[in-house]
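The numbers here are math on the coordinates, done by the rules we state, and not lab data. Predicted model only: the values in this text are computed from it and were never measured. Backbone-built Cβ (ideal geometry, glycine too); neighbour counts: all protein chains shown.
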Amino acid sequence: MAEIMLKVEGLTVNYGAIRALRGISFEVAAGEIITLIGANGAGKSTTLHAISNIIKKTAGKVVFDGIDISAMPPDRIVSAALVQVPEGRRIFANLSVRDNLEMGAYSRKAASRSERQEIRADMENVFDIFPRLKERIRQVAGTLSGGEQQMLAMGRSLMARPRLLLLDEPSMGLAPILVDEIFSVIKNINKAGTTILLVEQNAYKALALASRAYILETGEIVKSGAAADLMKDDAVKAAYLGG
Ligand SMILES: Nc1ncnc2c1ncn2[C@@H]1O[C@H](COP(=O)(O)OP(=O)(O)O)[C@@H](O)[C@H]1O
Ligand SMILES: [Mg+2]
């Protein structure tokens, strides 16, 4: 296996009396697409938020590229090229598509002229991946369709030049044809060199895309393995693949 890019050890999160994560451990190798599958409320978003350090960990450790980032401020984690696309997209509804994309590069902004040129080149790269965003560059983001908002959220994250991208349910609420498009884009982003940790309720699609998977149930990893094997697993089939 390639070198380990992300290592999560004993990650525990309590929200008051609610034990959302009960000491989970997993790892992501450089270049992989890993998926974390679980029902609503299993703790998927909590896992990503804890890695990004936007919620408080009760216990556990997160190591990225050999560096302990457990206590690193969230903006520094983004600067280190570990970038999360939040669930529900969280775009800036009142800003244009262009301004949203520029926000994604905020950690590099206001610097030199060459930096600004690079940001412009990165934006062209995002438009190559999502041509629909280019057509809507001046449109106010809040008026985009659900699928376009997901594209914008992903495009904005790409502006931070992630080496590891955390995706929180990118297919949620989208029409089937758009779901296919988003999954195909995820594959291409990975092929272009970005490692992916994908959180999904759409287990079938996620397992079809990923090399390995972890199954999360009420804050615990109950099963893990090659995605192709889990797709054939009877218990996984019954619980997540509609029998
Ligand atoms: N801010 C919060 N305060 C209290 N409980 C929360 C909070 N966020 C999530 N939870 C609870 O933690 C558990 C895991 O939630 P979450 O990580 O959002 O699950 P998933 O993303 O898998 O649907 C759920 O029981 C949820 O109700
Ligand atoms: Mg969630």
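Take the convex hull of the alpha carbons in the stretch 78-135; its mean projected area over all directions comes to 4.7 nm². Against the empirical curve 2.2 N^0.38 Å, the C-alpha radius of gyration of the stretch 50-157 lands at a ratio of 1.18. Rounded to the nearest 20 debye, the dipole size of the stretch 1-96 about its Cα centre is 460 debye, using +1 on the Cβ of Lys and Arg and -1 on the Cβ of Asp and Glu. A cut-off under 14 angstrom between Cβ atoms defines the neighbours of G10, and their net charge, with Lys, Arg +1 and Asp, Glu -1, is +1. The ellipsoid equivalent to the alpha-carbon distribution of the stretch 176-237 has semi-axes of 21, 13, 11 angstrom, derived from the gyration tensor eigenvalues as √(5λ) and listed largest first. The charge dipole of the stretch 41-169, taken about its Cα centre with unit charges on the Cβ of Lys, Arg, Asp and Glu (plus for the first two, minus for the last two), comes to roughly 220 debye. When the alpha-carbon atoms of the stretch 1-66 are used, the pair Rg, Dmax equals 12.1, 39 angstrom. For the chain, count all C-alpha to C-alpha pairs, find those more than 22 Å apart, and express that count as a whole percent of the total. Tail of P(r) above 22 Å: 53 percent of Cα pairs. Approximating the spin labels as points 7 Å out from Cα along Cα→Cβ, the D180-to-A17 distance works out to 4.8 nm.
Placing +1 on each Lys and Arg Cβ and -1 on each Asp and Glu Cβ, with no other charges, gives the chain a dipole about its Cα centre of roughly 520 debye.
Exposed loop positions in the chain were taken to be trypsin sites (Lys or Arg not before Pro) whose DSSP state is not H, G, I, E or B and which have at most 11 other beta-carbon atoms within 10 angstrom. Between these positions, the longest stretch is 139-243.
Of the GluC sites (Glu not before Pro) in the stretch 1-86, the ones in a loop by DSSP (not H, G, I, E or B) with at most 12 other beta carbons within 10 Å are E3. A Förster distance of 22 Å, applied to the separation of the beta-carbon atoms of R113 and F92, puts the FRET efficiency at 0.30. Against the chain, whose longest principal axis is taken from its Cα atoms, helix 113-129 shows a tilt of about 60°. Taking every C-alpha pair closer than 8 Å and separated by at least 6 residues, the mean separation divided by the residue count of the chain gives a relative contact order of 27 percent.
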